[in-house]
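Report on the structure given below.
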Amino acid sequence: MKPVRIALIGCGGIGMSAHVPAMLRLPGAVKLVATADVRREAAERAASIFGADAYTDYRQAIERKDVDMVLLATPEFCHRVQTEAAAAAGKHVLSEKPMATTLQDADRMIEACKVAGVKLMVAHSRRFTTRYQEVRKAIDQGEVGVVRIVRENERRSRPVPGREGYWSPGHWTSDPNVAVGAILTNAIHETDLIRWFTGLRPSRIYAEHKVTQKGGVVPDFISFMVEFAGGALGQAEVSNCLPEGCPFFHQFEVYGTRGYIKSKDADQLGLVRFDEGAARFPDAYHTLLHFQDAYTLELSLFVQAVIEDLPVPLPAEEARAALLLALAAARSASTGRPVDVAAFERGYA
């Protein structure tokens, strides 16, 4: 079969560190034919790896007749207009998370792709890691019983002086005109995972966020608690302000009526499980948060859906639901009050 031909829009950090390596791991299945970035040198750098053509105008890449799908590795405030352009050109869309900055934009993305008859998936990469897939399997098999509490913490270091990165001066994540803060930049993973593992509808959320960077205005720390229908709880803490050089750190826990599962990066262990009176401590390094394997699986499954005309493995409506919960958290943090999620969604328009 012919490879699926890709236009990569956005050739910055996530594009080069995750999506380009994923394409390199799938020779014969995909072919990068065009790149686009507002910085010509970035577009040309990515294009040179594959012998592709580089553009500064994303529309030129999207409108090429030899492009089958568009991979958006751009900031979330770009996703709606770029998705609409891709759909209008008859191209399938795999977009980085978060889906958008507003529910209105998310709905327009879904509608545009539905009308055009093209596939749309948002790249919530954590869903494709072995770690979290094993947790989902354990829950489905009843290992922990009824899920009552899901918790995940994620911590990252602040930017190194003089190096471009999240919340560094001049970076878009530091611009309050386009960035919502840590809740979308990172914690969208947590709102998605907490929903996925409880399998329940969120009813209320309470959040607090902070700006820790000197001279900063966009929150780089957030903590939130979600109450779900049926009484289950979800909690997360996401920080982008640890001392320079600190490694990324993730700690996950799910507690149910029969047992629990936990995982912590620093332990160099996979999943620690307790069920029916016994604990297991497997040395399962493969279940750590190895994001490259996740991005490769994510892309391969989307490409398979395109080739075989199958449903995408992660419906866009799931990404919208994660966005809803994240935006409700941002509202709570801004007002200092709990937010009724259903009421928030009804009033978003």
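The values are calculated or read from the model by the stated rules, or taken from the named source; none is laboratory data. Note that the structure is a prediction, hence the values are computed from the model and not measured. When we count neighbours, we look across all protein chains shown, and the Cβ atoms used for this are built from the backbone with ideal geometry, even at glycine. Accessible surface areas use protein heavy atoms only, side chains included; no ligands, DNA or RNA. Shrake-Rupley method; radii C 1.70, N 1.55, O 1.52, S 1.80 Å.
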Here the residues within the range 246-265 that are buried (at least 19 other Cβ atoms within 10 Å of the Cβ) and of a type in the set (S, T, N, Q) are SER263
Restricting attention to the range 296-324, report how many residues are in a loop (DSSP other than H, G, I, E, B) and of a type in the set (D, E, K, R). 1
Hits in the range 206-217 - residues which are touching a helix residue (DSSP H, G or I) at 6+ places or on another chain (Cβ under 7 Å) and at pLDDT 90 or above: TYR206, ALA207, GLU208, HIS209
Note down all Cβ pairs under 8 Å where the first residue falls in the range 179-203 and is within 19 Å of VAL144 (Cβ to Cβ) and open to solvent by 20 Å² or more (accessible area, probe 1.4 Å), the second is at pLDDT below 95 and in a loop (DSSP other than H, G, I, E, B), and they're at least six residues apart or on different chains. LEU200/ALA229; LEU200/GLY230
In the range 31-52, is there at least one residue being at pLDDT 95 or above, in contact with a Pro (Cβ under 6 Å, 6 or more places away or on another chain) and farther than 13 Å from CYS11 by Cα? yes
So, VAL122, is that one of a type outside the set (D, E, K, R), over 22 Å from LEU301 (Cα atoms) and touching a helix residue (DSSP H, G or I) at 6+ places or on another chain (Cβ under 6 Å) or not? no
Determine whether the range 325-341 contains at least one residue that is open to solvent by less than 60 Å² (accessible area, probe 1.4 Å), aliphatic (A, V, I, L, M), at pLDDT 95 or above and closer than 30 Å to LYS2 by Cβ. no
May I ask you to list the residues in the range 95-112 that are surrounded by 23 or more Cβ atoms within 10 Å (Cβ to Cβ) and in a helix (DSSP H, G or I)? ALA106, MET109
Inter-residue pairs, beta-carbon under 8 Å, first more than 19 Å from PHE77 (Cβ to Cβ) and in the range 105-116, second in a helix (DSSP H, G or I), 6+ apart: VAL115/ALA87; ALA116/ALA87; ALA116/ALA88
Answer with yes or no whether GLN251 is part of a loop (DSSP other than H, G, I, E, B), closer than 30 Å to PRO176 by Cβ and in contact with an Asp or Glu (Cβ under 8 Å, 6 or more places away or on another chain). no
Scanning the range 211-228 for residues that are assigned to a strand (DSSP E or B) and without any contact (Cβ under 8 Å) to a residue 24 or more places away in the chain, the one surrounded by the most Cβ atoms within 10 Å (Cβ to Cβ) turns out to be SER223
Need a quick list: strands (runs of 3 or more DSSP E) entirely within the range 1-88 having at least 2 residues that are open to solvent by less than 30 Å² (accessible area, probe 1.4 Å). 4-9, 30-36, 69-72
